[in-house]
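Step one of this worksheet: look at the structure below.
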Amino acid sequence: MVTMRENILDVLRQGQTILSDGALGTMLQSYDIPAGTLPELWNAERPDVLRAVHQAYLDAGSQILTTNTFGGNRVRIREAGLAGRGVELTRLGVLLAREVAQDKAWVAGSVGPTGQLMEPLGPLSEDEAADIYAEQTTALAEAGADLILIETQHDIAEATAIIRAAKAHTQLPVFCTFAFNAKGRTMMGLRPGEAAARAEEAGADAVGANCGEGPAAVALAIEQMRQATNLPLIAQANAGIPQMGEHQRAVWDITPEQMAEHVRSYVAAGARVVGGCCGTGPQYIAAIAAALRSV
Ligand SMILES: [Zn+2]
């Protein structure tokens, strides 16, 4: 049995494949989080829900529990009308995941983009980005995360700024995943090979694909990353593309069984951390766990 007392990089270097978790946002929606509420606010207001969600993933077999801190950077916190609470909500996110994980799973401190473009295309300067992400990654590490998981990246400038901040201000392994469309590009036009190479150059310990257009797009991106790096690869796909169903609830078109069918191609392409992103829940993780056992 693997425990979080072992460094996750040592376990990956031994060639083991690690099962991560699935979506947090989708799960919070299933608990009727009001539209427009910053998910991180529920770390303070509904810790019972966060505990239940983390527990469901642990029970499904997840060896990594991801903190509810994706939007915990001060830009998003300010936009949500919660200025000054970023560090508090980030710390709470780690403590809740840690409380459930104990030593049975690693706690991945989630870091998402600010949503602003970097200079010269947008207002975010390199110094400001460095400062924002120094604050967030320091809070994640001090609260007890086992690794930093930088997710849903589109822009290599922002991704590398976060990786460097995490490396400069924490001692933790740093994972970085990018979101690709079916044509193998991020929203900013970045390709998987370049993303992987530049993230490695900036100091990432593992790279991969998350979110985006579903498992086929993630498998393709992983294959292309393998050409560009020898780092462990990460595959965390969305459950396809959401359609609006009854009561304004998103309906996802990939089932847990269909998601599990892609696991073999992920692993063949070099993925060593496998989980899910938007639209996935504990049933998907259980299906992926079964598929991983048969690979
Ligand atoms: Zn996603």
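Below, the figures for the structure above:
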read-out	value
Sulfur and carbon atoms: percent of accessible area, the stretch 130-281 [1.4 Å]	49 percent
For the stretch 102-195: accessible area per residue (Å², 1.4 Å)	38 Å²
Rounded percent of accessible protein surface that carbon and sulfur make up, the stretch 6-48, 1.4 Å probe	47 percent
Solvent-accessible heavy-atom area per residue, rounded to whole Å², over the stretch 1-101 at 1.4 Å	43 Å²
Inter-label distance for R13 and A44, nm, one decimal - labels placed 7 Å from Cα along Cα-to-Cβ	4.1 nm
Cβ crowding within 10 Å averaged over residues, with 245-255, 201-211 ranked highest first	201-211, 245-255
Label-point separation, L117 to T37 (7 Å along Cα→Cβ), nm	3.4 nm
Among T66, V94, T17 - extreme Cα towards positive end, dipole of the chain, charges at beta-carbon	T17
Which of E128, E45 is most accessible, then next, and so on - probe 1.4 Å	E45, E128
Size descriptor, Kirkwood hydrodynamic radius, that averages inverse alpha-carbon separations across the stretch 103-209, Å	13.8 Å
Longest to shortest principal axis, alpha-carbon extents of the chain, angstrom	47, 41, 40
With all protein chains modelled, accessible area of R74 [1.4 Å, Å²]	70 Å²
Relative packing of peptides 89-96, 56-63 - highest average C-beta neighbours within 10 Å first	89-96, 56-63
Cβ crowding within 10 Å averaged over residues, with 220-226, 119-125, 265-271 ranked highest first	220-226, 265-271, 119-125
Full-stretch length increase - D103, E261 - with 0.36 nm per residue and alpha-carbon distance subtracted	53.9 nm
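The values are calculated or read from the model by the stated rules, or taken from the named source; none is laboratory data. Everything numeric here is computed off the predicted structure, so don't read it as measured data. Note that each Cβ is placed from the backbone with ideal geometry, even for glycine, and that neighbours are counted across all protein chains shown. To get the accessible areas, we keep the full protein, side chains included, count just its heavy atoms, and leave off ligands, DNA and RNA. Shrake-Rupley method; radii C 1.70, N 1.55, O 1.52, S 1.80 Å.
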